[in-house]
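Inspection log for the structure reproduced underneath, given as structure tokens.
The values are calculated or read from the model by the stated rules, or taken from the named source; none is laboratory data. Quantities reported herein were computed from a predicted structural model and do not represent experimental measurements. No Cβ is skipped: glycine too gets one built from the backbone with ideal geometry, and neighbour counts run over all protein chains shown.
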There are 2 protein chains.
Amino acid sequence: MDDASPPPGHGFDTGGLTVQEVGETELLRRLTAVARRHGDGDRLVVASGDDAAVWRPPGGAGIVISQDAIVEGEDFLRSWIDPEALGRRALAVALSDLAAMGARPALCLVTLCAPGTSRIDDLLAIQEGIGAAASEAGCRVAGGDVSAIAGPLVIDVVVVGTLDPGRALRRDRGRPGDLLVVTGCLGGAAAGLRLLLEGRREPVPAPHGRAHPPAEVLAAADAEARWLGRQLRPRARLAEGQALVRLGVACAGDLSDGLIVDVGRITDASGCAAEIWLESVPAEPGIHTLLGAAWVDAALGGGEDFELVAAVAAERLDGLLARWPGGLAPLHVVGRLTAGSGLRLLDRRDGQDVPLPPVASRHFRQP
Amino acid sequence: MDDASPPPGHGFDTGGLTVQEVGETELLRRLTAVARRHGDGDRLVVASGDDAAVWRPPGGAGIVISQDAIVEGEDFLRSWIDPEALGRRALAVALSDLAAMGARPALCLVTLCAPGTSRIDDLLAIQEGIGAAASEAGCRVAGGDVSAIAGPLVIDVVVVGTLDPGRALRRDRGRPGDLLVVTGCLGGAAAGLRLLLEGRREPVPAPHGRAHPPAEVLAAADAEARWLGRQLRPRARLAEGQALVRLGVACAGDLSDGLIVDVGRITDASGCAAEIWLESVPAEPGIHTLLGAAWVDAALGGGEDFELVAAVAAERLDGLLARWPGGLAPLHVVGRLTAGSGLRLLDRRDGQDVPLPPVASRHFRQP
């Protein structure tokens, strides 16, 4: 019992592929397969694999629950953002999964893993940002955990919401022929990320009154500030998700990882294929100028826009658009589900297939 | 907008105390105060500050929810434990909070933050351990998140359970005169931690049949293996928590941070004081021999035993003991709540006050 080096078969690192070698998507697929083996049960209506789990407690309405971590160095740098905005961002990322289910937020819990050198005031400001954003979303802070870490700051947020029975927006409810509809514009968050990686930062508001630079400087700065805001201050499309449920839509997901990846999750879960119509993708205004031809990578592969994508029966589209509430992010048709499997990108102006853009995952990159 | 170094007031680290300087307990107190300001609401029956939050969804039973992170380098080293056991441990730590509320486990979610060099098989084994332990506790794995991290492995587990309305074991339900009762024996986990820090490891079971060392070696090894097991393979006292509720107890918490800290949480929440009777504390067998006089530090200040401590009206003790089910961890009276505030440690054999042992927190230590 006194051998300090464990024998083979004991402990970690007994060989095999690393996460870097297989990538995040494959890791998530394998972890989900293990989770699913332990996830059956008639009260667990939607288990691992959708945006969030749906659970029906004894005698109650549907409960939706999801968990999302953001990690310093992977999802943000401290120089990009102030702590209060970081807390708001952590909550928004998690709430986006509730939006994607059409749920109403109820509770959140937060785990903070912070190095011992962290400033107390910074951590309290993070918690303050989470609390303020939670209040705005009608959601209560119900607890969490705190731990030291000899490493980067980790903020792991759990959100719990409610749903009327049988009214979840599920990834597995798409049918060939359905039209793919997105909320809002795409690619702004990726453009903002690019600016951040180039060293640009959000402007600090003047403490009293507004600064008045020349108009042309202001216009360019406004566009940049908007993209930085899309990256740093995302909003979950909660009202849009609830409107989709109310208007009879059954299939949707959020655009946390970009249109290509997230439509792929819908086709995988629904057992069908999809085509995306390049000329119909609503790009964030101005990113053509910033990015040139790479606007396609940002709008389709970039992720973190936290818009929603829904699959809508073709004959119900007109009714949905007619009844879509003013004040919500507008809907845009970007493609359709088809029979078969896989994803095509088409430019219908010339009927040509377009190569799929690379998918930008900031996690588990090769060094 | 192109200044790479943010101006004052923007970003992190604008001064003030660090976490190391104020300590985990004070950080948690301040974070909880912020959370509570955002945690009101009539559906949130028990908010931040107890072992777990209790929530009453529309039309349903009480929902209990808690979140617990374990962090490599703080809570475990990879050389101590195999990945499957680590997954089981992560779930047990979280389930202990449900046990402390008297809840029945229903769901769990898991966030894994793993460095890119992690072996896929190790991460799957962690997930497998969580899933197996969840199944044994009647709990379904409902999802989670995965992220890269340039740092240590983090496993953050969320557990959700159910409660009959009004039947939670709360920290704020103690009254002066109540007797303090613990389940099981204390100090084994701290003894196991000490062995691990000295380089001892759990024995690897022989692949076929049992090894047969001499009897005296076996007896010593058995005690060490039991202490290592208390540290590495804790079990949540779920059946005991549910029995306490069923037998009419209203006030309890778990012993995640040791008797001194966790009784202090009950007295703080209940607005009273406590005395602990040293001669009555049920120490893990054999730790007097291993630790000498320091057995007190392990049994009262050590933490991670994940036993429960309850406050029971004195006149109800006999009934509780008489009706306590066989097969559950035995109950031991270790002290009582009194009027006032603060905590006394008494040895009733000579009626003397004993100095409180130091509280062992492995988090946010000074380097």
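Restricting segment B:130-139 to residues that are touching a helix residue (DSSP H, G or I) at 6+ places or on another chain (Cβ under 8 Å) and surrounded by fewer than 24 Cβ atoms within 10 Å (Cβ to Cβ), which is nearest to the other protein chains (Cβ to nearest Cβ)? Quick ask: steps written out before the conclusion?
So the first thing to find is which residues in segment B:130-139 are touching a helix residue (DSSP H, G or I) at 6+ places or on another chain (Cβ under 8 Å), and the list is B:130-134, B:137, B:139.
Next, from what is left, pick out any that are surrounded by fewer than 24 Cβ atoms within 10 Å (Cβ to Cβ): B:132, B:137.
On the way: B:132: 7, B:137: 11 Å.
Only one residue fits best here, namely B:132.
Restricting attention to segment B:56-80, the residues being over 14 Å from residue A:156 (Cβ atoms) and either among the charged types (D, E, K, R) or more than 7 Å from chain A (Cβ to nearest Cβ) (or both) number 10.
From the list A:154, A:146, exactly one residue is farther than 18 Å from residue A:240 by Cα, at pLDDT 95 or above and facing chain B (nearest Cβ under 7 Å). Which is it?
A:154
Screening A:56, A:29, A:37 for residues that are among the charged types (D, E, K, R) and touching a Lys or Arg at 6+ places or on another chain (Cβ under 6 Å) leaves exactly one candidate, A:56. Evaluate segment B:81-90: report whether one residue or more is facing another protein chain (nearest Cβ under 9 Å), touching a residue at least 40 places away in the same chain (Cβ under 8 Å), acidic (Asp, Glu) and under 22 Å from residue A:27 (Cβ atoms). There is at least one residue in segment B:81-90 that is facing another protein chain (nearest Cβ under 9 Å), touching a residue at least 40 places away in the same chain (Cβ under 8 Å), acidic (Asp, Glu) and under 22 Å from residue A:27 (Cβ atoms). For segment B:236-272, a tally of residues being at pLDDT 95 or above, in a loop (DSSP other than H, G, I, E, B) and surrounded by fewer than 24 Cβ atoms within 10 Å (Cβ to Cβ) returns 6.
Of the residues that make up segment B:217-234, is at least one without any contact (Cβ under 8 Å) to a residue 12 or more places away in the chain, among the β-branched types (Val, Ile, Thr) and either within 21 Å of residue B:202 (Cβ to Cβ) or assigned to a helix (DSSP H, G or I) (or both)? Checked segment B:217-234: at least one residue is without any contact (Cβ under 8 Å) to a residue 12 or more places away in the chain, among the β-branched types (Val, Ile, Thr) and either within 21 Å of residue B:202 (Cβ to Cβ) or assigned to a helix (DSSP H, G or I) (or both). Sub-6 Å Cβ pairs linking a first residue in segment A:258-276 that is touching a residue at least 24 places away in the same chain (Cβ under 8 Å) to a second residue that is of a type in the set (S, T, N, Q) and buried (at least 19 other Cβ atoms within 10 Å of the Cβ), at least 6 apart or interchain, are A:273/A:267; A:274/A:267, ordered by first then second residue. Aliphatic (A, V, I, L, M), modelled with pLDDT of 90 or more and outside the structural domain of residue A:278 (by TED's automatic domain parsing): is that true of residue A:190 in this structure? Against the criterion (aliphatic (A, V, I, L, M), modelled with pLDDT of 90 or more and outside the structural domain of residue A:278 (by TED's automatic domain parsing)), residue A:190 does not qualify. No other residue among B:275, B:307, B:279 is surrounded by 20 or more Cβ atoms within 10 Å (Cβ to Cβ) and among the acidic types (Asp, Glu) apart from B:307. Counting only residues that are charged (D, E, K, R) and outside any strand (DSSP E or B), which one in segment A:89-129 is surrounded by the fewest Cβ atoms within 10 Å (Cβ to Cβ)? By that ranking, first place goes to A:121.
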